[in-house]
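**Student:** One structure is given below, represented as C-alpha cells, and several questions about it will come after.
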Amino acid sequence: MRTRAGALFMGDVMTSFSKLALSIPDQVVKLEGRGLSISDRATAEHYLKHIGYYRLSAYALPFQNRSQLGKPFLSGTRFDQILDLYRFDRELRLLVLDGIERVEVALRSILNDVMSVRHGPHWFMEPRHFAPRFQHHRFIADIEDTLDITTPGGQPQRLHQEVFINHYYAKYGDPHLPPSWMVVEIFPLGSLSRLYANLRDGQERTAVATPFGMDEAVLRNWFHVLSHVRNLCAHHARLWNRQLVIKFRQVARRHQTFLRTTDRFYAVAVALYELLQRIAPGTHWNRHLCDLIDRYPVASLHPMGFPPNWSTEPFWNLGPKGNT
C-alpha cells in the first residue's frame, strides 16, 4: 500500500522513532564530537536556543562528510560558518519577498483595471468571465468566509481588519460583496494567480500580461511559481539550495542561463528581475542581490543554479562592480 508521500509500500521494514531530545549544552557537545569548532560555547548555545538545532542542521550539511558514519564535519569547519549560511538564507528570503511584493501589488492593480473597466466593479461575481474548470462558487465562498459573511446578501458578522471593507458595509447594502478594487486587496498572491490563470478570455489575459512584457501563458506560470516561492519565504523555509517542486516555464532566448535551470533559485532571481524592470524602472534589486552574495562568500552559488560569471551578463546590468 502506497503512503501519502508515495515512498513506502506495505512490506517495507519500518522501525520506531527512538531519538531523544537533547538539552542545549548536550547539543553543543554533540556538534563538537562531530568535529565542529566552537570558540564561544555561550554564543553557540544562544543561537541553538533561538534558532534551533534542527533548523541549523540543514545549513551544516555542506560542511559535513555525509558519506561517513555520523556525518563528521570537514576539518576546520567553524560554527560561525553555519550561522553565516543561515543568515544569508534569511536575508535572501527578505530580498525575494521585497521583489515579490512589488510584483504582487502590480498584479492587483493591473488585473483590477483591465477587468473592472471592461465589465464593471463586480465582474468577479459573474461565472461567465472564468474558465469552466474554475470553481467559481468556491471562490465566492472563500471571499465570503474571509469577510465573515455567512449568507448570500448578508452583512459581515463582525468588523473586518481592513477599514475600507468596513466603510463599504457601513454605506452600501448591495451587492453583498465589495467592488473589485477592494476585494483584490484582501487576496493573497496565490488567489490572485489562480484568478488570473482562469480568466476565460485570452485577450483579457493578454491585456493583463502586456504591462509585464510577457506572453500571458508564460506569465500565468511565473505567477504560479512566484506564489509558491512567496509561501516558502513567508514560512521561513530554506531557499538557498532548494529545488523547486514547480518549475518555471522556459522562455526568452535572451536568458540562455535561465533555460538551464528552471527549478533553482537562479530562475527565481531572473524571473523577478525581469518583471521588476518592467514595473519598477530603475530598480536596484539586481544590485542588492549581488551585494548580498558578496557579503556571504560562505554561500555556494552552485546549489542555487547560478552559472559561472553570472554577474557579468548584460541582463543583470551590474557594470564593472559585478563579480563572480
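The values are calculated or read from the model by the stated rules, or taken from the named source; none is laboratory data. Just so we're clear, the structure is a prediction, and the values are computed from it rather than from any experiment. Heads up, the Cβs are rebuilt from the backbone with ideal geometry, glycines too, and the neighbour counts pull from every protein chain shown. Just so you know, the surface numbers come from the protein's heavy atoms only, side chains and all, with ligands and any DNA or RNA stripped out. Shrake-Rupley method; radii C 1.70, N 1.55, O 1.52, S 1.80 Å.
**Student:** Say R0 is 45 Å: what FRET efficiency, to the nearest 0.05, do residue 135 and residue 171 get from their beta-carbon distance? Don't skip to the answer; put the middle values down first.
**Tutor:** Working: r = 31 Å, r/R0 = 0.69.
Computed FRET efficiency for residue 135 and residue 171 comes out at 0.90.
**Student:** Summarise the accessible area of the chain (1.4 Å probe, protein heavy atoms) by the percent that is carbon and sulfur.
**Tutor:** 52 percent
**Student:** Compute the distance in nm between two label points, each set 7 Å from the Cα along the Cα-to-Cβ direction, one at residue 58 and one at residue 200.
**Tutor:** 4.2 nm
**Student:** From the phi angles alone, apply the Karplus equation (6.51, -1.76, 1.60; θ = phi - 60°) to region 190-195 and give each ³J(HN,Hα) in whole Hz, x where the residue is Gly or Pro.
**Tutor:** Rounded to whole hertz, the list is x, 5, 4, 4, 5, 4.
**Student:** Check cross-link reach from residue 171 to the aspartates and glutamates: straight Cα distance under 16 Å, and skip same-chain residues fewer than eight apart.
**Tutor:** 162
**Student:** Run the dipole for the chain about the Cα centre, Lys and Arg Cβ at +1, Asp and Glu Cβ at -1, nothing else charged, and hand back the magnitude in debye, nearest 20.
**Tutor:** Dipole of the chain, to the nearest 20 debye: 940 debye.
**Student:** Hey, what number do you get for the chain at 222 nm if only DSSP H runs of n ≥ 4 count, each worth -39500 (n - 2.57), divided across all residues, to the nearest 500?
**Tutor:** -15500 deg cm²/dmol
**Student:** Continuing with the same structure: State to the nearest 20 debye the size of the charge dipole of region 106-247 about its Cα centre, where the only charges are +1 on K and R beta carbons and -1 on D and E beta carbons.
**Tutor:** It works out to roughly 540 debye.
**Student:** Short version: ³J(HN,Hα) in whole Hz for each residue of region 74-85, in order, from phi by Karplus 6.51 cos²θ - 1.76 cosθ + 1.60 (θ = phi - 60°), x for Gly and Pro, what are they?
**Tutor:** So the J values, rounded to whole Hz, are 5, 4, x, 5, 10, 4, 5, 5, 5, 5, 5, 5.
**Student:** Next up: When the solvent-accessible surface of protein heavy atoms is calculated with a 1.4 angstrom probe, in what order do 119, 137 fall, highest first?
**Tutor:** Sorted by accessible area, descending: 137, 119.
**Student:** Same structure, new question: Sketch the reach of a paramagnetic label on residue 236 as a point 7 Å from Cα along Cα-to-Cβ, and name the residues of region 72-98 whose backbone nitrogen lies under 19 Å away.
**Tutor:** Within reach of a label on residue 236, which here means backbone N under 19 Å from a point 7 Å along Cα→Cβ, region 72-98 contributes 82-98.
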